[in-house]
Structures are given as C-alpha cells and as structure tokens.
Amino acid sequence: MLELADGGKGMRRVERYAITPLPKDAIQEGAITKTDVVEAALRDALKQLDTRTRDVVMALPASAVITKRIMLPGNASEAEIDTQVTAEANQAASFPIGDVSLDYQILGPNAKNPNENDALMVLARRERVEERVALAEAVGCRCHVMDVDAFAALTAYEQMAFQLPDNGKGQVVAIIDIGANTTHVNVLHDNQTVYQREHALGGNTLTSEISRRFDLPSEEAEDAKRKNLLPDSYESEVLQPFLDSVAKEIGRALQLFFSATSFQRVDHILLAGGCAAIPGLDDVVHSRMQTSTLIANPFSKMAVSSHVKARQLASDAPALFVACGLALRRFDTE
Ligand SMILES: Nc1ncnc2c1ncn2[C@@H]1O[C@H](COP(=O)(O)OP(=O)(O)OP(=O)(O)O)[C@@H](O)[C@H]1O
Ligand SMILES: [Mg+2]
C-alpha cells in the first residue's frame, strides 16, 4: 500500500507505504483463493500505514483481463456505443456476458478513418473485480477505481520517462516487472505499448532455493533474502545462479518480442517489481544484454514525507512501481 499526497508546486509527495508479503498460494491465476489470509495481510498493511485515508485504487493482474482495441462511430449516441461495446465484449469473452465487468476508453479519431474513434475495451470476470472490492470493504476502505496492473505500470513509467534520451521519444523501452511468480514484459515504442507478455519467472524460485539449501521454512527464507541475512556461500552458490537464470530468461523474452514484431532492438531495459531490488541484477542483465539497464524508481521527482525513510524507499521503489501508478489515478470522493 502506498499513499501519495499533494506536495505543492505541482509536486507529489510520498506520504507513507507498507509492504506485506503474501503466502504464495493466497492468489492463484488472478483469483483470490485464500480470502481470510489476504484480508489479514491488508489489515496488517493498513495498520502499518497508519493513515486516515480510506479511499483506495486497486488493480487486476493483466492475466485476469481481456484487452481489445475496437472502433466506435464518432457521432454515435451513448446508447448506441453501449450496444456496440456489449456486442464486441460478447465476442471477446469466453464466458457469459452476464458475468462480465466491462469498461472502455475512447483514444481518439482513427488515423485511416477519421469518422471512427479508436477505443480500448477491457473486460474481466465480474467475480475477479467483486472479490477485490469486497476485500477493500472488509478492511474499511472504499475502492474508487479498479485498474489493470500493466496499465498502472505505464502510469508509473510516465514519471520516469524524463530520465531517458528525448523523454523516451522514438526509443524502444522494455519494462520488465519481475514479481513473486510472474514477470510481465511490456515493450514501448515512442512511449506506446507495442508488445506485452507474461512469463512464469519470479522471486519465489529464489526463496524456495534458499529454503532448500539452508533448511529454512519459507517465511524465514523470504525474510532472510530481503534483509540479506544469509551465509557467505549464498552469494556465489544461490544468488549468482539465480541472477544468471533471470538474465537468460530476459534474453529469451526479448527474442520472443523480436520474432513477434518487426522490432530488432531494445534501447533501454527498465527493471521493476520486487526482484529488481536484488543487488546486482541490473549489472548481470546489462552485461548479458549489452543494453542500457535502469532500475525503476518512479519517485525520483517526488518529495518524500518525514514518515518515510528515503534510503529504504529507494530500495523498495521498484516493488512499489504498480502501486505508484495506482496512487497517481484521480477520482472524485463524495
Ligand atoms: N529487497 C529484496 N531483495 C530480494 N528480493 C526482494 C526484495 N524485495 C522484494 N523481493 C522479492 O520480490 C518478489 C515480490 O515482488 P512484487 O511485490 O513485485 O511481486 P507481486 O507483484 O506481488 O507478484 P506477482 O507479480 O508474481 O503476482 C518476491 O519474490 C520478493 O521476495
Ligand atoms: Mg506483480
């Protein structure tokens, strides 16, 4: 959980944040399978956060939504648009339309056909949305927006684009978000998404290996990993092979991007997600890929409140990448 505030002079301020790990089977394939465990983790994070705010923005994982670009007539009434969007959703969904939660955003006139608008439609099983809203309510929060994690990552990226040559214009940037179980690859050209894919790669593999090698229960292994409290042999025997395998997987993921598109190069790699905080990952990726590699920090232009330790924030920043994109969303509170 992350709270951003208005820092004045058009600046934002990182007000407070809390990170609570979840057991690996609490959420499976985007469905919340252990509601009580997730609820307890949320309660714990909210308590650590120690805020009066109860207005929240949440996200679904990209794997739980279907995204489709559609065209809508420019002069249609809202009712006509609704009918057309519903028809498109009916085609795109593999489940009954009555179980669908649906939204769309008009992007602007179509380049070839200016009487039509390009629009982005997103749909999900209503159950995936409702279970999250119910969790927020169970801990006393109000969910105002249900975003998608991959979109939120783009919102966070906008805070960082200034660090790239020409603000990312004309550049090919691969955002690689390495989480606990999944790695989300999102490639941008000219700051627009041109390729997205999920891979089964994440820090849980490293935690399991620590747990096996040093005979630790997985919670202790997770804690020791984050706090760097492991024997000397850890670095050479466990961490280095893991970093090499991650770099190799990133190489494969980018090969898939090259073969699926007409692109032949990536100018910058941006590492996000909790695993981007592992010391040395950026160097290993950089030397294997021979491509400029940055660790995502969407807060570098923001002020930091006195509640937050700036050094700790710098190391947690990549894990807060999606949360940052969510906290930047605007909504009305009544
Ligand atoms: N300081 C750290 N050092 C090493 N690993 C870390 C650190 N901080 C977080 N991680 C690892 O990052 C992973 C969690 O990352 P993140 O919070 O991005 O995952 P997630 O989005 O919840 O997972 P997923 O995307 O797979 O659903 C865990 O494997 C965790 O151990
Ligand atoms: Mg993630």
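Of note:
- The single condition from (1) within 27 Å of ALA136 (Cβ to Cβ); (2) touching a residue at least 12 places away in the same chain (Cβ under 8 Å); (3) more than 16 Å from ligand 2 (Cβ to nearest atom) that MET11 fails is (1).
- Of the residues THR205, THR183, the single one that is crowded, with 21+ Cβ neighbours inside 10 Å and among the hydroxyl-bearing types (Ser, Thr, Tyr) is THR183.
- If you check ASP25, ASP118, ASP99, ASP44 for being of a type in the set (Asp, Glu) and closer than 28 Å to PHE299 by Cβ, only one passes: ASP44.
- Test: residue in the stretch 308-319 that is surrounded by fewer than 20 Cβ atoms within 10 Å (Cβ to Cβ), of a type in the set (Ser, Thr, Tyr) and at pLDDT below 95: yes
- When ILE106 is tested against (1) aliphatic (A, V, I, L, M); (2) outside any strand (DSSP E or B); (3) surrounded by fewer than 17 Cβ atoms within 10 Å (Cβ to Cβ); (4) modelled with pLDDT under 95, just one condition goes unmet, and that condition is (2).
- Subset of the stretch 279-324 (residues that are farther than 28 Å from LYS248 by Cβ and in contact with a strand residue (DSSP E or B) (Cβ under 9 Å, 6 or more places away or on another chain)): PHE299, LYS301, MET302, ALA303, VAL304, SER305, HIS307, VAL308, ALA310, LEU313, ALA323, CYS324
- Among residues of the stretch 159-186, those that are touching a residue at least 40 places away in the same chain (Cβ under 8 Å), out of contact with any strand residue (DSSP E or B) (no Cβ under 9 Å at 6 or more places or on another chain) and more than 16 Å from ligand 2 (Cβ to nearest atom), counted: 1
- Counted residues, the stretch 232-278 - those being among the charged types (D, E, K, R) and under 22 Å from the mean Cα position of the chain (by Cα): 4
- Under the condition of being closer than 28 Å to GLN159 by Cα, away from ligand 1 (no atom under 12 Å from the Cβ) and β-branched (Val, Ile, Thr), the residues counted in the stretch 1-48 number 1.
- Taken as a whole, the structure leaves ALA136 outside the set of residues that are of a type in the set (Gly, Ala, Ser), surrounded by 17 or more Cβ atoms within 10 Å (Cβ to Cβ) and over 22 Å from the mean Cα position of the chain (by Cα).
- Applying the criterion of at least 1 residues that are among the β-branched types (Val, Ile, Thr) to the helices (runs of 4 or more DSSP H) found wholly in the stretch 225-334 leaves 240-260, 281-289, 321-327.
- Boolean, HIS189 is within 16 Å of ligand 2 (Cβ to nearest atom), surrounded by 14 or more Cβ atoms within 10 Å (Cβ to Cβ) and either assigned by TED's automatic domain parsing to the domain that holds PHE263 or of a type in the set (D, E, K, R) (or both): no
The values are calculated or read from the model by the stated rules, or taken from the named source; none is laboratory data. Remember, predicted model here, so these are calculated numbers, not experimental data. Ideal geometry is used to build each Cβ from the backbone, glycine not excepted, and the neighbour counts take in all protein chains shown.
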